[in-house]
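Student: Sharing a structure here in structure tokens format.
The values are calculated or read from the model by the stated rules, or taken from the named source; none is laboratory data. None of these values were measured; they are calculated from a predicted model. Cβ placement follows ideal geometry from the backbone for every residue including glycine, while neighbour counts extend to all protein chains displayed.
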Amino acid sequence: MAFDGIVIAGLVHELNQTILNTKISKIAQPENDELLLTCKGSSGQFRVSISANASLPFLYLTDTNKTSLHFVWFYANISQTGGS
């Protein structure tokens, strides 16, 4: 699907209905070209996943939480060194 004006208008409409007047409480980077924003407001908590991949750009609302790359690397480093 092309990321054209019709798609962007639909995204703006959906995001205005769901995350307008919320605050970003957390920003994670699960992939090199992807951001996961956790937004909290009076209507609840939402996660917005944004990808800047040249071949597959996307932006969508999700309930799932992905582990950040930096956390995975840190955990693997501790596991290999035995915690020191």
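Student: Could you tell me whether the range 6-16 includes any residue that is loosely packed, with under 10 Cβ neighbours inside 10 Å and polar (S, T, N, Q)?
Tutor: no
Student: Looking at 7, 48, can you tell me which residue is modelled with pLDDT of 90 or more and not charged (D, E, K, R)? Please lay out each step first, then the result.
Tutor: Working: 7 fails: modelled with pLDDT of 90 or more.
Going through 7, 48 in turn, just one is modelled with pLDDT of 90 or more and not charged (D, E, K, R): 48.
Student: Please name all residue pairs, on different chains or six or more residues apart, with Cβ atoms under 9 Å, provided the first residue is in the range 49-71 and is under 13 Å from residue 27 (Cα atoms) and the second residue is surrounded by 12 or more Cβ atoms within 10 Å (Cβ to Cβ) and modelled with pLDDT under 80.
Tutor: The qualifying pairs are 49/66.
Student: How many of the residues making up the range 14-51 are under 8 Å from the mean Cα position of the chain (by Cα) and among the basic types (Lys, Arg)?
Tutor: The qualifying residues number 1.
Yes/no matrix, rows are residues, columns are (1) part of a strand (DSSP E or B); (2) touching a residue at least 24 places away in the same chain (Cβ under 8 Å):
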| position | (1), (2) |
| --- | --- |
| 3 | no, yes |
| 8 | no, no |
| 13 | no, no |
| 16 | no, no |
| 20 | no, no |
| 29 | yes, yes |
| 35 | yes, no |
| 40 | yes, no |
